[in-house]
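Comments concern the structure below.
The values are calculated or read from the model by the stated rules, or taken from the named source; none is laboratory data. The model shown is predicted, which means the values in this text are computed figures rather than measured ones. Note that each Cβ is placed from the backbone with ideal geometry, even for glycine, and that neighbours are counted across all protein chains shown.
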Amino acid sequence: MYSNQTTILVTAQEMRLIEEEIFSAGMPVASLMEKVALKTAQKIKELYPLKEKKLSVGFIIGSGHNGGDALVVARELYCHGYDVIIYAPLIEKFKDLTAHHFKYASSLGITIVSNLEALNTCHIIIDGLFGFGLTRKIIDNLAEDIKTLNGWHKPVISIDIPSGINSDTGAVLGVAIKAKYTLCLGLYKKGIWQDKALEYLGQVERIDFDIPSSYVHKITSESPSPELLTAQKVKDILPLPRQVTTYKYKQGHLLLICGSKEYAGAALLSAYGARSSGVGMVTMVVPESLTSFINAQLPEMLVIGCRETPLGSIETLPLLDWDKYQWVSCGMGLTKEAVSVVEKVISSNCNILLDADALNIVANYYLLEVLQTRQGETVLTPHDGEFERLFPDFSFVGMADRIEETRQGAIALNATILRKGAKTIISDNSHTWIIPHGTPALARGGSGDVLSGFIGGLLAQNSFTDTPVIDTVAAAGWLHQQGAILASEDLSVLGVDGVTLSRYILKAVNELKGNGE
C-alpha cells in the first residue's frame, strides 16, 4: 500500500481521478461500493454495538453514490438486528446504482419514510446525503431538513464528509450537518483539515478500502499533496539522541532579537521557548532597560542591551557578528517602532525567523521584495491576520482555502511559513504539513512567543544536520501543540500560560522520545 495513505490529503478532483483509475482497471463500481459500505457498517457497529436494547438508526439518503454507500450500510445494519429507517428526499434524482440499492432495501422490509420528522425517534442518524463532490449551496427544503436535524442534537455519523462541507476548502455550502463522527472513505479529503470545517466534523476516522498504491502515487505525484504530521515523523526529526561527545557550540547558537518596555514578557517567553528546545547557546538582543530583568530570570543567556527609543523599543542594533549564529528569531514584542531593526535583520544573509511585529513591519513598509531575494533561509510564523497583511493581493484571501493560501505564500516569498490556527499549516515551495491536533488552550497571549523561541532553538540545532527546514519547523509546531494539550489535561484549557507551556513542551518531548534520551 502507498505509505502515505494514512496521512495524505487529497482534493475532490484527485479522489475522482483515483476512483477512475480503479474502475478503469476493472473494478466494478458496484463492487467497490459494496466493499466500502461493508467496512463502514463494521465501523458503525463498533461505535454503537447492539446490547440488550435495540438501537434505532435513521438514514438520510442522497441521490448519488454517497447515498448508495449509505443504503448498503443500512441493509447491513438491518440484517444484523438494528432497527433502520430510511428518509430519501432526493428519490426522484437517484443514480441507477443508488436506485437499485434503495429498491432492495425496501424489499427487505426496511421502513421508508417521506419526511425527516420520522427520524426523530432514532438513537443515531447516518448522513449519506452528499459526498465529496458537492460544490453548490444547499437550499430550500434540504437546507431546512439539515437545520432541523442539527437542532435535535442527536449523534450523527457522516459518511466520507458531513453533507454541506466543501471537501477542498472546508467551507459551509449554505448549511451543513454537524456530525459526531466523520468516517472518511479511502483518503482524507483536504477540506476536513481546514479550520472552517472543524465544528462540523466531530471525531474523524478513515475507512481504508485498500486503494492500490500505484493509483494514489500516479495522481498525487503530479503536484505535492499536503500531509498530516505524525508522532513518528516528529520523533525522526528531533535532534536526539545527542552524541555523547557533543558540547554547547555543536548544539547551535540562537540569536533572539525581541522585547520592549511595553512587551518585556515577550522577550522572556521567547527565551523560555528557546530554553525548552535544548539549544546550546542563546544570545538575546533587547532594549538596555530590560537587561537586568532578563539576566535575573535567565542567567544562562547572553544578553546584549541596545539603545532604545523614548517608548522603550530597540532603536538600533549594535554591531553583530552574524556568522556566530545558526539562526536568528526576530519580532517578539519589538513594537512597530523597530523598523530599522527588522530591515537590518532581513538584509543579512543569516537564517531568520520573523514573528509578530517583524511580520507587520515587513507588510507595512513594503519589504516583501527583500525577503524574496534573501540568500539565507527564511521562516515566517503568522496568524491569519498577519498572513492577510503580508498577502493582501491574493485572490483567495479570506480563508477560502487556508492550505492553498499558505502554500502560495511560501512560494511567493521563497520561505517556509508556519500559519497558526486550529489546524496549523506549515509549507514551503515543495511540501505542506498539517498538524492534526490542536487545542483552544493556545488562545492566549504569549503562546506565540514561546513557539518562536522554540522553533529557533530547534532550527539552530538541526542546522548541523541535513534535516529540511520545513520538517524542523513542523516538528516544533507539533510539540508546541502537544505540550499545550498535555498541560490542559492537567490544568484545564484555562491554565496554560506561556511559562507553563514552555515546561510542558519538554513533557511532550519526553513522551515522544523517552526519558532516557
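Within region 438-451, identify whether any single residue is without any contact (Cβ under 8 Å) to a residue 40 or more places away in the chain, out of contact with any strand residue (DSSP E or B) (no Cβ under 7 Å at 6 or more places or on another chain) and over 18 Å from Lys190 (Cα atoms), and answer yes or no.
yes
Picking from Ala487, Ala474, Ala460, Ala508, which residue would you name as being in the same structural domain as Asp401 (by TED's automatic domain parsing), modelled with pLDDT of 95 or more and farther than 21 Å from Lys233 by Cβ?
Ala487
For region 247-306, give me the residue count where each residue is aromatic (Phe, Trp, Tyr) and at pLDDT below 95.
2
Would you kindly identify the helices (runs of 4 or more DSSP H) lying entirely within region 322-418 that contain at least 1 residues that are buried (at least 16 other Cβ atoms within 10 Å of the Cβ) and in contact with a Pro (Cβ under 8 Å, 6 or more places away or on another chain)?
Hits in region 322-418: 357-364, 384-390, 402-413.
Give me the residue from region 156-166 that is under 15 Å from Gly128 (Cβ atoms) and not hydrophobic (A, V, I, L, M, F, W, C) and, out of that set, surrounded by the most Cβ atoms within 10 Å (Cβ to Cβ).
Ranking the candidates gives Ser158 first.
Picking from Leu459, Leu479, which residue would you name as being in contact with a strand residue (DSSP E or B) (Cβ under 8 Å, 6 or more places away or on another chain), crowded, with 22+ Cβ neighbours inside 10 Å and either in contact (Cβ under 8 Å) with a residue 40 or more places away in the chain or not basic (Lys, Arg) (or both)?
Being in contact with a strand residue (DSSP E or B) (Cβ under 8 Å, 6 or more places away or on another chain), crowded, with 22+ Cβ neighbours inside 10 Å and either in contact (Cβ under 8 Å) with a residue 40 or more places away in the chain or not basic (Lys, Arg) (or both) holds for just one of Leu459, Leu479, which is Leu459.
Lys235 - would you say it is basic (Lys, Arg) and over 20 Å from Thr406 (Cβ atoms)?
yes
Can you pull out every residue in region 96-114 that is loosely packed, with under 12 Cβ neighbours inside 10 Å and over 17 Å from Val72 (Cβ atoms)?
Across region 96-114, the qualifying residue is only Ser114.
Does Thr316 fit the bill of being polar (S, T, N, Q) and either closer than 14 Å to Gly453 by Cα or assigned to a strand (DSSP E or B) (or both)?
No, not satisfied.
Which one is surrounded by the fewest Cβ atoms within 10 Å (Cβ to Cβ), of the residues in region 432-456 that are more than 15 Å from Val279 (Cβ to Cβ) and of a type in the set (Val, Ile, Thr)?
The qualifying residue surrounded by the fewest Cβ atoms within 10 Å (Cβ to Cβ) is Thr439.
Have a look at Cys306, Cys258 and point out the one that is over 36 Å from the mean Cα position of the chain (by Cα) and of a type outside the set (S, T, N, Q).
On inspection, the qualifying residue turns out to be Cys306.
From (1) under 21 Å from the mean Cα position of the chain (by Cα); (2) surrounded by fewer than 24 Cβ atoms within 10 Å (Cβ to Cβ), pick out the condition that doesn't hold for Asp497.
The number of the failed condition is (1).
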